[in-house]
Amino acid sequence: MRPTGIHLFGLRYWSAALSADVGRSDRRLLVKYDPRDLARIFVRRPSGNFVEARYADVTLPSITLHEALTARRTLLAKGRREVDTRAIVRTAMAQRELVDAATRKTARLSPVADESSWIGRHAAFYSVPPLVMLQLACRRPPRCAADLHLSSDQEIRLAKMFATEPAAVRRMTFANVAQPSRRFIATRPTQVCTSCSPGHTEPEPILRSQLLGWRITCPLCGDPSGMPAVANSPFRQYRTAALRDEKLLDDEVERGIGTWTSPAEIARLLLMRRIPRPIPRESDLWRFRVLGAIIPDLDRVVGAQQENLPTPAKPILPLHMRPALLAGIAIVERAGPEMLRMLRGHMIGDNWVRFTDAAENIIARARR
Ligand SMILES: [Zn+2]
């Protein structure tokens, strides 16, 4: 409570019953509210009983908590430093009208096969933030496509809004991907199939398969020439093993089906730094990864291209390097736990400890 009233979610409230308490101190009060109707809140007085407080400006219409948070975020993102009740409510009403108009319009963009950006494309079409379009109550924008969690309620609402089935909405998201596998889902398209990519439309659709950070073939048409970077990869001789692991990762990430181990976790281990013997010059140390102990050409190619591989936390490699990682995973997967113990010999110091911990964890889980 401040001398000007009660401030909550950037909205200002006032109640005549509270005027006696105002100014006593700048203190925190217990407040109850209905997230569907922020026009009024209930405030506990120092005496213990609750009184109703309304917007300080009673002429403003009611908005929901979700609308208030989204509007506030939009205003702050536009660089507004002072965000008051009037600005928040007006922005929320404007966004509500845009969404209403969008749902009333018969003009719906038809989804292309395997599209993941359908809702986002509508948002751009109607010039509203995608989160408003999604009516999602998430406080932070999602970090990656996989973080978009839709409750079944939201799925139903979206399906209704776009005149489709809830299952069709779910298929466009990565909601089914388990947390550890999500590091393999990219935020932006990492590959385009030249054989079957959809024609150019504005805004351009993003396919679900373009965000799958392990793919070396197109899951839509399967044409091996669709990704020239893979066909011309310096690791194209590992194609058979790589294709086998592409399938393993597909099963694990998309369908939750595992083998004795998790290919996604093996990928992390293989991207850790190793120390080769004889120990190289300090300036060369950056290029050596565990993977190089299995795929002998790796260190040379990485060194020649001066191309630092991504960290274990984000194991999405550039397309031409992917066959090496996939083949490495396939080799470990086929060789079994003993191979992980053998690879430990390439590590020293902290990395040895971290590698050993992670590898023993994987092996212990395999036994269960
Ligand atoms: Zn294709």
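Points worth noting:
- V290 sits among other residues whose Cβ lies under 9 Å from its own Cβ, and their net charge, with Lys and Arg +1 and Asp and Glu -1, is +3.
- Trypsin sites (Lys or Arg not before Pro) lying in DSSP loop within the range 271-327, provided at most 15 other Cβ fall within 10 Å: R281
- Using only side-chain charges placed at the Cβ, +1 for Lys and Arg and -1 for Asp and Glu, the dipole size of the range 214-367 relative to its Cα centre rounds to 260 debye.
- Averaged over its residues, the range 1-94 has an accessible area of 59 Å² per residue, based on protein heavy atoms and a 1.4 Å probe.
- Cα-derived Rg over Rh, computed across the chain with Rh taken as Kirkwood radius: 1.10
- Assigned charges on the beta-carbon of Lys, Arg, Asp, Glu; the range 1-94 dipole about Cα centre (debye): 240 debye
- Loop GluC sites (Glu not before Pro), the range 17-93, which have at most 15 other Cβ atoms in a 10 Å radius of their Cβ (DSSP): E82
- I348 paired with R367, simple spin-label distance in nm, labels 7 Å along Cα-to-beta-carbon: 3.0 nm
- Given +1 at the Cβ of Lys and Arg, -1 at the Cβ of Asp and Glu and no other charges, the dipole of the chain around its Cα centre is 980 debye to the nearest 20.
- Surface composition of the chain: carbon and sulfur atoms hold 53% of the protein heavy-atom accessible area at a 1.4 Å probe.
- With the charge dipole of the range 1-94 set up from +1 on Lys and Arg Cβ and -1 on Asp and Glu Cβ about the Cα centre, the Cα lying farthest toward the positive end among the listed residues V83, W14, A56 is that of V83.
- Calculated FRET efficiency, R40 to A159, Cβ-Cβ distance, R0 = 25 Å: about 0.15 to the nearest 0.05.
- Helical mean residue ellipticity (222 nm; -39500 (n - 2.57) per DSSP H run of 4+; nearest 500) of the chain: -10500 deg cm²/dmol
- Selected from A113, A92, T187, residue furthest toward positive end of dipole (the chain; charges at beta carbon): A92
- Accessible surface ranking for F9, F355, 1.4 angstrom probe, highest first: F9, F355.
- For the chain, the longest principal axis of the Cα atoms and the long axis of helix 322-335 meet at an angle of about 70 degrees.
- Approximate spin-label separation S110-I257, in nm, with each point projected 7 Å along Cα-to-Cβ: 3.2 nm
- Remark: the range 214-367 carries 46 Å² of accessible area per residue (probe radius 1.4 Å; ligands, DNA and RNA excluded).
- The chain, relative contact order in percent, only Cα pairs under 8 angstrom and at least six apart counted: 11 percent
- For the range 323-345, the residues whose amide N sits under 17 Å from a probe point set 7 Å from the Cα of R236 along the beta carbon direction are 323-325, 327.
- Only Cα pairs under 8 Å and 6+ residues apart enter the sum, and on that basis the relative contact order of the range 1-94 stands at 27 percent.
- Sites listed here are trypsin sites (Lys or Arg not before Pro) in the range 45-88 whose DSSP assignment is loop and whose Cβ has at most 10 other Cβ atoms within 10 Å: K78, R81.
The values are calculated or read from the model by the stated rules, or taken from the named source; none is laboratory data. All values derive from a computational prediction rather than experimental measurement. Quick reminder, even Gly has a Cβ in these numbers, built from the backbone with ideal geometry, and neighbours come from all protein chains shown. For the accessible areas, the whole protein counts, side chains as well, though only heavy atoms, and no ligand, DNA or RNA atoms are used. Shrake-Rupley method; radii C 1.70, N 1.55, O 1.52, S 1.80 Å.
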